[in-house]
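Here the structure comes first, spelled out in structure tokens, and everything after it is commentary.
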Amino acid sequence: MAAARERAAGHRRRFDLRFEAYFAALPERLDTPPLSRFTPRCLELLRDLSLRGGKRLRVALLYEAARLVTTDPVPGLAEAALSIELLQTHGLVHDDLIDDAPVRRGGPSTYYAYRREFPEADRTALGLAVLAGDLAAFLSMRVLLDADVPAELRQAMLEVQLNAGAETVAGQIVDLERDFVPLPDEEFLHTVCEYKSTRYSVLAPLRLGLLAAGEDVARHDARLRRYATLVGIGGQLRDDYLDLFGEQDATGKSTGADLRAGRRSYALSALLASADEAGRAVVESALGDPHGTADTVDRIRELARQLGVDAKLRADMRRCADAARAEASAWRPHWREEAVAFFEGLPLLNVVPGD
């Protein structure tokens with residue numbers, strides 16, 4: 001796990017420099033209305049959110065997927081990495097808008113930044129946040145057209161990202177649908193996770209990296225999907241765990257955001273399934289209350305701990321990690337040992353240690 005963490009950190013450092021350079025050049029490369037004040041501000045907010053943080057695990061997955069095939073420099077990876085993270089920025093802007101989330105990555109969400117600037121014009125703030133997210137999505141696709149690779153490869157990479165973007169929007173839709181199910185079962189929760197995050201966060205980077213390195217992705221797609229599904233579920237379990245049991249200073253997001261948004265996450269669904277009638281009534285009374293206090297979150301957190309929900313989620317994370325490691329270990333006949341070892345270690349990053 002330590003080696004995977006170190007390699008991921010290296011990819012993050014190198015990419016962050018490239019991302020800064022991209023945004024520095026963007027105003028000159030993007031044809032925007034010359035008299036507009038709002039457009040430069042939109043680009044500034046996208047830059048701020050994009051560079052403010054993030055683990056860049058998608059970037060690490062991309063580069064390490066290429067290293068499964070070769071250690072030589074691979075054209076197109078830099079543009080694919082930019083595309084992946086711009087699509088992530090798009091998702092964060094719209095996700096925070098849907099959830100009415102004030103904080104992201106330790107700073108104001110794009111929507112709340114606009115709300116502060118337009119306190120008497122909420123429709124303007126809303127519209128600008130929607131458009132900022134849209135712009136990030138289009139930039140994500142546009143950057144791939146700049147890749148100095150054969151046209152056939154460029155088309156294949158665009159297809160991966162366009163499909164990932166469309167599937168993620170479908171995931172956002174089913175994510176909202178989930179919260180109208182009183183007690184979503186594990187299959188429903190896994191489906192939300194797959195479409196909302198796994199396909200663009202894990203599977204698309206794997207496919208892009210292998211494509212750029214010249215691999216026949218279709219031949220390996222089943223094993224890529226199995227690994228991506230396990231890593232995606234493990235990552236979502238971790239996020240849901242930290243939303244209820246973590247600390248805002250560590251996560252960069254408001255603790256209890258899922259509770260206030262009425263989101264029946266892995267953590268809150270497990271709590272509802274474990275609680276008795278009185279306990280479920282307490283949880284249901286707090287679900288979806290945007291003004292829920294810190295004391296309310298503390299009370300729900302304590303109830304969840306009493307019922308062993310924290311321990312259950314940690315055990316589920318460990319099972320996903322172990323299964324993903326086993327899946328990656330089966331890659332050795334096909335790909336390079338060093339890169340396979342990275343994919344074996346990566347799932348452990350999703351495991352939150354016990355007390």
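What size of dipole, in debye to the nearest 20, comes out for segment 139-265 about its Cα centre when the only charges are +1 on Lys and Arg C-beta atoms and -1 on Asp and Glu C-beta atoms?
Working: 15 positive and 21 negative charges, 19 e Å.
Dipole magnitude for segment 139-265 comes out near 100 debye.
According to the square roots a ≥ b ≥ c of the eigenvalues of the Cα gyration tensor, what is the shape class of segment 79-192, taking rounded for a/c under 1.5, prolate for a/b larger than b/c otherwise, and oblate for the remainder? The shape class here is oblate. The phi torsions of segment 122-139, fed into the Karplus equation with coefficients 6.51, -1.76 and 1.60 and a -60° offset, translate into couplings of 5, 5, 5, 4, 4, x, 5, 5, 4, 5, 4, x, 4, 4, 4, 5, 5, 5 Hz, rounded to whole numbers, with Gly and Pro shown as x.
Below 8 Å, C-alpha to C-alpha, sequence gap of six or more: please give me the relative contact order for segment 193-248 in percent. Rounded, it is 49 percent for segment 193-248.
Take the Cα of Q306, step 7 Å toward its Cβ, do the same at R13, and the gap between the two points is 4.8 nm.
Note on segment 203-251: with neighbouring protein chains present and a 1.4 Å probe, carbon and sulfur make up 43 percent of its accessible heavy-atom surface. Assuming charge only on the beta carbon of Lys and Arg (+1) and of Asp and Glu (-1), the dipole of segment 28-96 about its Cα centre is about 160 debye to the nearest 20. Extension gain for E284 to A21 (0.36 nm times residue separation, less C-alpha to C-alpha distance): 90.0 nm.
With a Förster radius of 41 Å applied to the C-beta separation of D185 and L153, the computed FRET efficiency comes to 0.50. Computed on segment 1-148, the Cα convex hull volume stands at 116 Å³ per residue.
For segment 183-272, the list of GluC sites (Glu not before Pro) that fall in a loop by DSSP and count at most 16 other C-beta atoms within 10 angstrom reads E247. Just name one of P73, L206, A166: the one whose Cα is farthest towards the positive end of the charge dipole of the chain (beta-carbon charges, Lys/Arg +1, Asp/Glu -1). Value computed over the given set: P73.
Annotation: amide H of R263 within the under-5 Å range of G288, sequence separation 5 or more or interchain, hydrogens built in the peptide plane. Each of A304, V103, A323 was scored by the projection of its Cα onto the charge dipole of the chain, and the greatest displacement toward the positive side belongs to A323; charges sit on the C-beta of Lys, Arg, Asp and Glu. Along segment 38-47 the Karplus relation, 6.51 cos²θ - 1.76 cosθ + 1.60 evaluated at θ = phi - 60°, assigns HN-Hα couplings of 6, 5, x, 5, 4, 5, 5, 5, 5, 4 Hz to successive residues, with x for each Gly and Pro.
Relative contact order of the chain: what whole-number percent is it, with Cα pairs under 8 angstrom and at least 6 residues apart? Relative contact order comes out at 19 percent. Identify, among T32, L57, L45, the residue whose Cα sits farthest towards the positive end of the charge dipole of segment 1-102, taking +1 on the Cβ of Lys and Arg and -1 on the Cβ of Asp and Glu, with the dipole about the Cα centre. Among T32, L57, L45, the one farthest towards the positive end of the dipole of segment 1-102 is L57. A straight chain from A121 to R29 at 0.36 nm per residue would run longer than the Cα-Cα distance by 30.0 nm. Accessible surface area normalised per residue over the chain is 47 Å², counting heavy atoms of protein chains with a 1.4 Å rolling probe. Couplings 3J(HN,Hα) of segment 107-119, computed from phi: x, x, 5, 4, 4, 6, 4, 5, 4, 5, 7, 10, x Hz, in residue order, whole Hz [Karplus 6.51 cos²θ - 1.76 cosθ + 1.60, θ = phi - 60°; x for Gly and Pro].
Segment 64-142 and segment 278-347 have Cα centres spaced 24 Å apart.
Give the relative contact order (percent, whole number) for segment 104-198; include only Cα pairs under 8 Å separated by 6+ residues.
So the answer I get is 18 percent.
Distances between placed amide hydrogens fall under 5 Å for V103 paired with S109, S254, all partners being 5 or more residues away or on another chain.
Taking the Cα centre of the chain as the origin, how large is its charge dipole in debye, to the nearest 20, when only Lys and Arg (+1) and Asp and Glu (-1) carry charge on their Cβ atoms?
Working: 46 positive and 55 negative charges, 159 e Å.
Magnitude of the dipole: close to 760 debye.
Taking the inverse of the mean reciprocal distance over all distinct Cα pairs, the Kirkwood hydrodynamic radius of the chain comes to 21.1 Å.
When the helix-only estimate is applied to the chain (DSSP H runs of n ≥ 4, each -39,500 (n - 2.57), divided by the residue count), what is the mean residue ellipticity at 222 nm, nearest 500 deg cm²/dmol?
Estimated from H runs of four or more residues: -23000 deg cm²/dmol.
The values are calculated or read from the model by the stated rules, or taken from the named source; none is laboratory data. Being a predicted model, the structure only gives us computed values, none of them experimental. For neighbour counting, all protein chains shown are included, and Cβ atoms are generated from backbone atoms with ideal geometry for every residue, glycine included. The area values use the complete protein model at the heavy-atom level, side chains included, leaving out ligands, DNA and RNA. Shrake-Rupley method; radii C 1.70, N 1.55, O 1.52, S 1.80 Å.
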